[in-house]
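Here is the structure we will look at.
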Amino acid sequence: MGEHRFYLSPERWASPSGIIIDGQEARHMTQALRLRVGDPVVLLDGRGRVGRCRIRQTDKKQVLLDLLEDAVTPRPSSLPVMALAFSKAVRRGFFAEKAAELGAHAVWLWQGDFSQGKLPPQAAETWRAQMIAGIKQSGNPWLPEVRTLTGGVDELTRLAAEADRRILPWELEETSAIIEPSLLGLPGVTVYAIGPEGGFSPRELAALDAAGFARVSLGARILRCETAATLCLGLHWWASQLPDHAA
Ligand code: SAH
């Protein structure tokens, strides 16, 4: 059995007398996992900090931990941002966990012209909770940032202007070349814009072209949006792990 990892938001770490865990996390520790005084646990703050702790005391509502060792993993140099259009897949939250496992820097949920339904106001909060589960499960010390872009493609292109690279996976361009390792895993911020199940509208394609998004193909088959997003992020992760990509 592996180590037990828990999430503790950054502002809750600073306490000279020990770290207090309460609420659902405390119940999970003592009731679901049956952890006891003296057991080791690992805390993640989602901002690179990893704390090795030991349980000093437990009661019905709280667990008190001693912090034994504290280390910070630097932010990775390659930062993929996945701009995923709202769709059924977004509602199911499939990609939230994958994003945390595969090291997305951020996920931007955006309202596409052909999105079915409106991006719910609580989407970012729901996704954050699922991503916290993802970092606990995978041990990734960096929690992806989640943003909801209700302003559609205009808000997306405005935010993407600050990135180092912009990639547009598009399934219909006969001439668009397959995505290449040379595009992937590079230092800095890369934004991938993924369309909803209904695809991009002509207006959105024009706006993304004007904003300098490079069209790429993911192969001769139309993938569901969450598959396309997972594939892009997986390829990016793979490339960033290659030894010669370190620079
Ligand atoms: N246009 C289609 C399907 C959209 S698929 C329709 O109208 O039903 C959802 C998104 O996944 C696309 O907008 C695109 O960003 C991405 N995608 C799916 N298959 C792809 C492929 N073979 N190459 C590149 N991108 C793809």
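The values are calculated or read from the model by the stated rules, or taken from the named source; none is laboratory data. From a predicted model like this one, the values you see are computed outputs, not experimental measurements. Reconstructed Cβ throughout: ideal geometry from the backbone, glycine too, with neighbour counts over all protein chains shown. Just so you know, the surface numbers come from the protein's heavy atoms only, side chains and all, with ligands and any DNA or RNA stripped out. Shrake-Rupley method; radii C 1.70, N 1.55, O 1.52, S 1.80 Å.
Just a few scattered comments:
- Entry note, the chain: the mean residue ellipticity at 222 nm calculated from DSSP H runs of n ≥ 4, each adding -39500 (n - 2.57), is -8000 deg cm²/dmol after division by the residues and rounding to the nearest 500.
- At least 18 Å along the helix axis (C-alpha) and Kyte average at least -1.0, DSSP helices within the chain: 123-138, 225-241
- Listed residue pairs exceeding 30 Å between alpha carbons, taken from 88/136; 61/88; 61/136; 60/136: 61/88
- The chain, accessible surface, carbon-and-sulfur percent (1.4 angstrom probe): 53 percent
- Listed residues 70, 45 arranged by accessible area, highest first, probe 1.4 Å: 70, 45
- Longest to shortest principal axis, alpha-carbon extents of region 74-120, angstrom: 38, 18, 14
- Radius of gyration and Dmax over the Cα atoms of region 154-247, both given in Å: 13.2, 40
- Panel values: the chain, Kirkwood radius from alpha carbon pairs, Stokes-Einstein at 4 °C and 1.567 mPa s, translational diffusion coefficient 67 µm²/s.
- Region 10-92: Cα Rg divided by the 2.2 N^0.38 Å rule of thumb: 1.41
- For region 90-169, the orientation-averaged shadow of the C-alpha convex hull comes to 5.6 nm² (one quarter of the hull surface).
- Computing FRET efficiency as 1/(1 + (r/R0)^6) for residue 72 and residue 242, where r is the C-beta to C-beta distance and R0 is 25 Å, gives about 0.55.
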